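Working notes, structure below.
The values are calculated or read from the model by the stated rules, or taken from the named source; none is laboratory data. Since we're looking at a predicted model, the values are computed, not measured. Cβ coordinates were reconstructed from backbone atoms using ideal geometry, including for glycine residues, and neighbour counts include every protein chain displayed. In case anyone asks, the SASA skips ligands and DNA or RNA and just uses the protein heavy atoms, side chains included. Shrake-Rupley method; radii C 1.70, N 1.55, O 1.52, S 1.80 Å.
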Amino acid sequence: MVDNLDKIVNLCKTRGLIFPGSEIYDGFANTWDYGPVGISLRNNLKNLWWKKLVQTRPNSYGIDASILMNPKVWEASGHVKSFSDPKVDCKNCKNRQRADHLIEKFDKTGTIIPDNMTNEEMDAYIAEHKIKCPVCGKFDWTNVRQFKLMFETSRGTVEGEKDVVYLRPETCQGEYINFLNVQRSMRAKIPFGIAQIGKSFRNEITPGNFIFRCIEFEQMEYQWFCHPNDSEKYYNEFKNIAWDFAKECGIKEENMRFHDHDKLAFYAKSACDLQVKFPIGWQELNGVHNRSDYDLTQHSKYSGKPLNYLDPYTNERYVPYIIEYSMSPERLMLAVLCEAYDEEKLPNGDTRIVLHFEPKIAPYKVAILPLQKNLSEKATEIYRILCNEFMCDYDEAGSIGKRYRRQDEIGTPFCVTIDFETLENNTVTIRDRDSMEQIRINIDDLINYINEKVK
Ligand code: ATP
């Protein structure tokens with residue numbers, strides 16, 4: 001596991017995983033562009049999630065709702081009124097901080113819950129304890145004010161008559177407002193689930209820690225609609241699903257824990273985060289929430305369309321409860337990268353950096369490496385066969401040792417090396433990333449061999 005986030009940031013940049021956004025224009029803070037290796041890793045994580053939650057989970061349906069929605073959606077959800085965080089600005093260095101985070105970090109007793117405080121109470125606490133700016137060390141804050149987290153844009157063609165619309169700050173509202181569409185078109189019976197993966201945008205006050213908190217990110221959100229009496233049973237089931245999925249992605253159990261929320265939103269019945277140990281400490285990877293019937297009730301009220309369910313067996317009509325399981329692939333990717341990172345001392349005294357990804361999420365499964373350039377015809381032939389099955393890299397530049405190191409650094413589980421014996425007897429060597437052991441196998445057996453290990 002990595003001990004310092006900077007190592008991950010540097011590796012991601014130099015090895016084609018993640019680049020700073022708009023870099024040639026001096027960047028655009030807290031935006032990130034995914035390179036060829038990074039996008040493959042992110043897609044693998046999303047596909048694995050989709051497979052677990054949609055493809056193989058009975059009564060599950062995937063959708064892709066619009067990013068721009070009728071602004072009433074955000075009134076009904078409560079975001080227009082209250083999706084904001086308390087902020088303070090340092091008058092000396094102009095740095096902006098979340099007031100609740102400042103207080104949380106300062107309080108060593110662990111008994112202060114800033115979520116329960118009004119802005120005035122936070123002002124008083126910061127003043128009483130003279131909490132200093134973590135950037136310049138001065139104590140010279142503005143008062144606490146609420147800072148809106150939704151990005152606004154406008155829609156309309158006539159200047160002055162444009163309507164404000166919002167970039168969605170979460171994907172789940174698209175799932176709630178399509179509850180009846182999915183239920184009717186798919187003849188779904190409760191309990192059933194709706195899943196979605198898509199972009200969300202948040203004007204975060206303190207984004208940072210690489211891709212941990214971004215202003216533009218994706219969310220993988222799953223809503224399970226169930227009878228109110230069954231909601232706690234399913235809440236616990238989804239806690240297990242969240243745990244197992246993180247484990248399947250390669251997070252070690254000793255680096256995971258649940259954190260039950262001390263303070264619940266007024267509509268929530270239960271809520272917890274699955275936390276993971278990052279180099280910045282224990283932090284939320286995903287949330288699991290029992291949201292009660294709040295969301296469907298609100299949208300029924302604001303839209304005038306009743307969102308409820310008639311049980312065909314019992315004739316009971318009710319508003320389903322919703323269990324939500326929600327996470328961003330960005331945060332999962334960071335957790336996976338931190339967990340997989342290793343610096344290994346080799347017998348010859350060198351150190352190799354290696355990402356021990358679970359083979360199924362590795363960006364590239366195989367690298368094809370001709371030992372010498374004049375073997376490239378045969379190597380290309382093998383590449384063509386394998387790339388139909390797996391994401392493959394092809395590299396014929398530099399010493400074989402350096403090429404292995406490069407593949408270790410992007411976590412490629414297998415390197416296939418083509419040498420002169422290949423031309424004689426149709427065999428290649430295949431090197432295992434973790435053990436660095438090599439075996440010789442027939443080219444015709446390669447696909448089966450790799451398939452078995454990757455699955
Ligand atoms: P946090 O307390 O970290 O701000 P949250 O409780 O606001 O998160 P939710 O609104 O429940 O988070 O979002 C669900 C999930 O979406 C989180 O568990 C996290 O995986 C992801 N997520 C939320 N905000 C961001 C962000 N700014 N950047 C990347 N991922 C995010």
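Over 20 Å between Cα atoms: which of LYS91/LYS263; LYS72/LYS239; LYS87/LYS148; LYS13/LYS105; LYS233/LYS360; LYS108/LYS252 fall into that group? Mind showing how you got there, number by number?
On the way: LYS91/LYS263 32 Å; LYS72/LYS239 32 Å; LYS87/LYS148 10 Å; LYS13/LYS105 31 Å; LYS233/LYS360 31 Å; LYS108/LYS252 29 Å.
Too far apart for the 20 Å limit: LYS91/LYS263; LYS72/LYS239; LYS13/LYS105; LYS233/LYS360; LYS108/LYS252.
Any idea how far apart ALA268 and LYS46 come out in nm if each label point goes 7 Å out from Cα toward Cβ?
2.6 nm
Binning every alpha carbon pair distance of segment 1-144 at 5 Å from zero, what are the percents per bin?
In whole percents, the pair-distance histogram is 2, 7, 10, 10, 10, 13, 16, 16, 10, 4, 1, 0.
Can you list the HN-Hα couplings for segment 15-32, worked out from phi with the Karplus curve (6.51, -1.76, 1.60; θ = phi - 60°), rounded to whole Hz and with x for Gly and Pro?
Along segment 15-32, the couplings run 10, x, 8, 9, 10, x, x, 6, 4, 5, 9, 6, x, 9, 3, 6, 10, 9 Hz.
So what is the relative contact order for segment 231-341, in percent, with contacts set as C-alpha pairs under 8 Å and at least six apart?
On the way: 164 pairs, mean separation 30.2, N = 111.
Relative contact order here is 27 percent.
What list of ³J(HN,Hα) values in whole Hz, one per residue of segment 169-183 in order, does the Karplus curve 6.51 cos²θ - 1.76 cosθ + 1.60 (θ = phi - 60°) give from phi, with Gly and Pro shown as x?
x, 7, 8, 5, 4, x, 6, 5, 6, 9, 3, 6, 4, 5, 4
With a sphere of radius 15 Å drawn around the Cβ of HIS259, what net charge do the other residues whose Cβ falls strictly inside it have (Lys, Arg +1; Asp, Glu -1)? Please report the intermediate quantities before stating the final value.
Values: positive: LYS239, ARG257, LYS263, LYS277, ARG331; negative: GLU104, ASP115, ASP260, ASP262, ASP273, GLU284.
Its environment carries a net charge of -1.
Once you have the Cα-Cα distance between LYS233 and ASN374, take 0.36 nm times their residue separation minus that, and quote the gain in nm to one decimal.
44.5 nm
Would you tell me the accessible area of GLU75, worked out with a 1.4 angstrom probe on the heavy atoms of the protein chains, in Å² to the nearest 10?
Counting only protein heavy atoms, GLU75 exposes about 90 Å² to solvent.
Sequence-distant or interchain residues sharing an amide H contact under 5 Å with ALA367, placed H: which?
ASP393, PHE414, CYS415, VAL416
List the relative contact order of the chain as a percent without decimals, with contacts defined as Cα pairs under 8 Å and 6+ residues apart.
Result for the chain is 14 percent.
So what's the net charge close to THR429: Lys and Arg +1, Asp and Glu -1, counting the other residues with Cβ under 12 Å from its Cβ? Let's see the in-between values first.
Values: positive: ARG431, ARG440; negative: ASP419, GLU421, ASP432, GLU437.
Computed value for this residue: -2.
Skipping prolines and chain starts, which residues have an amide H placed within reach, meaning under 5 Å, of the one on ARG213, given they are 5 or more residues away or on another chain?
GLY208
FRET efficiency for ASP107 and SER82, Cβ-Cβ distance as r, R0 = 22 Å, nearest 0.05? Don't skip to the end; give the middle numbers.
Values: r = 24 Å, r/R0 = 1.09.
So the FRET efficiency works out to roughly 0.40.
Using θ = phi - 60° and the Karplus form 6.51 cos²θ - 1.76 cosθ + 1.60, what ³J(HN,Hα) does each residue of segment 381-398 get, whole Hz, x for Gly and Pro?
4, 5, 4, 4, 5, 6, 6, 6, 9, 9, 6, 10, 10, 10, 8, 10, 9, x
Work out the length of the dipole vector of the chain about its Cα centre, built from +1 on the beta-carbon of each Lys and Arg and -1 on the beta-carbon of each Asp and Glu, and round it to the nearest 20 debye. Spell out each step's value before the answer.
Details: 60 positive and 68 negative charges, 137 e Å.
Roughly 660 debye for the chain.
Once amide H atoms are built 1.01 Å from N in the peptide plane, which residues 5 or more positions from LYS91, or in another chain, come under 5 Å H to H?
Amide H to amide H, under 5 Å and 5 or more residues apart or across chains, LYS91 pairs with ASP140, TRP141, THR142.
What does the charge count around TRP243 come to, taking other residues whose C-beta lies under 15 Å from its C-beta (Lys +1, Arg +1, Asp -1, Glu -1)? Can you show the working numbers first?
Working: positive: LYS52, LYS239, LYS247, LYS252, ARG257, LYS277; negative: GLU237, ASP244, GLU248, GLU253, GLU254, ASP260, ASP273, GLU284, GLU339.
Taking every Cβ under 15 Å from that of TRP243, the sum is -3.
Separation between the LYS345 and ASP64 pseudo-spin-labels, each 7 Å from Cα along Cα→Cβ, expressed in nm?
5.0 nm
What 222 nm value per residue comes from the helices of the chain, counting each DSSP H run with n ≥ 4 as -39,500 (n - 2.57) and dividing by all residues, nearest 500 deg cm²/dmol?
It comes out at -9000 deg cm²/dmol, rounded to the nearest 500.
Run the dipole for segment 246-327 about the Cα centre, Lys and Arg Cβ at +1, Asp and Glu Cβ at -1, nothing else charged, and hand back the magnitude in debye, nearest 20. Don't skip to the end; give the middle numbers.
Details: 10 positive and 12 negative charges, 39 e Å.
Rounded to the nearest 20 debye, it is 180 debye.
Could you provide, to the nearest whole Å², the per residue accessible area of segment 26-73 with probe 1.4 Å? Mind showing how you got there, number by number?
Numbers: 2560 Å² over 48 residues.
Accessible area per residue: 53 Å².
How high is the FRET efficiency between ASP33 and ARG187 when r is their beta carbon distance and R₀ equals 51 Å, given to the nearest 0.05? Please list the in-between numbers first.
Values: r = 42 Å, r/R0 = 0.82.
The formula returns an efficiency of 0.75 here.
Looking only at segment 330-368, which residues have a backbone nitrogen under 20 Å from a spot 7 Å from the Cα of GLU254 in the C-beta direction?
Of the residues in segment 330-368, 335-345, 354-358 have backbone N under 20 Å from the label point off GLU254.
Which whole-number percent gives the relative contact order of segment 76-196, counting Cα pairs below 8 Å spaced six or more residues apart?
Working: 131 pairs, mean separation 28.5, N = 121.
Reported as a whole number, the value is 24 percent.
Nearest 0.05, what FRET efficiency do ASN143 and MET1 give at R0 = 41 Å with Cβ-Cβ as r? Walk me through the numbers before you get to the answer.
Working: r = 41 Å, r/R0 = 1.00.
Here the calculated transfer efficiency is 0.50.
If you line up the Cα atoms of the chain on their principal axes, what length do they span on each, largest first, in Å?
76, 66, 52
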